[in-house]
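Here is the structure we will look at.
The values are calculated or read from the model by the stated rules, or taken from the named source; none is laboratory data. Predicted, not measured: the structure shown is a model, and the values here were computed from it. Neighbour counts are summed over all protein chains in view; Cβ atoms, including those assigned to glycine, are modelled from backbone coordinates with ideal geometry.
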Amino acid sequence: MSKRLGVSIGFLSALAFFLGWYNFTWMIVFMIAVFFLQGEDLLKKNVLNAFFLGFIFLIIDLLFGKISGSYMDFINNLAYSDAEWLVNFDTSSGAYKVLSGLNLSKYIVGIANFVYLVLTIVFGIIALKGKEVKVPLCNGFASKVMGVVAKAEDKKDDVTNDTATLNEIPKE
């Protein structure tokens with residue numbers, strides 16, 4: 001396993017995954033440093049996979065976090081509204097506790113964060129061994145960023161590569 005600045009490529013790749021889970025801003029700084037220092041292709045590809053994996057889970061967290069926040073704002077507005085009958089209903093029945101427990105977006109964010117932690121550990125261990133990490137959705141993005149054409153694009157379809165013209169087609 002080769003080294004870059006005295007540190008193994010596998011360790012730097014694993015560090016990228018754990019930085020993405022811990023703090024996405026540091027992941028971006030690390031990614032820029034790897035590309036600025038002209039790291040090896042394996043390191044670049046693993047760092048890009050870590051970046052895209054973190055980015056996907058960041059989007060999930062932002063979307064469902066926003067939904068959860070909007071839902072809780074709505075419940076708070078109901079609980080502390082000017083309508084006296086609504087406030088009495090809330091305090092007597094505990095409706096706020098029940099409705100805030102129904103915040104499904106909060107649970108989705110929690111499950112997504114747990115899945116991200118598990119994937120980070122698994123892919124971090126694979127990267128630590130010095131192997132190429134192939135995250136199913138992220139690997140295609142990483143290949144496109146690095147300028148590598150995906151294998152699916154290399155396959156030629158005989159139907160679309162037909163060179164016959166209308167004059168060459170026999171008439172019935």
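Worth a mention:
Quick grid of which residues meet (1) modelled with pLDDT under 60; (2) closer than 25 Å to Lys44 by Cα; (3) part of a loop (DSSP other than H, G, I, E, B):
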site	(1), (2), (3)
Tyr71	no, no, no
Asn77	no, no, no
Ser81	yes, no, yes
Ser100	no, no, no
Lys134	no, yes, yes
Val145	no, yes, no
Val148	yes, yes, yes
Glu153	yes, yes, no
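- Within segment 111-131, being more than 12 Å from the chain's Cα centre (by Cα) and of a type outside the set (D, E, K, R) holds for Ile111, Phe114, Val118, Ile121, Val122, Phe123, Gly124, Ile125, Ile126, Ala127, Leu128, Gly130.
- Any chance Tyr96 is surrounded by 15 or more Cβ atoms within 10 Å (Cβ to Cβ), out of contact with any Gly (no Cβ under 6 Å at 6 or more places or on another chain), aromatic (Phe, Trp, Tyr) and modelled with pLDDT under 75: yes
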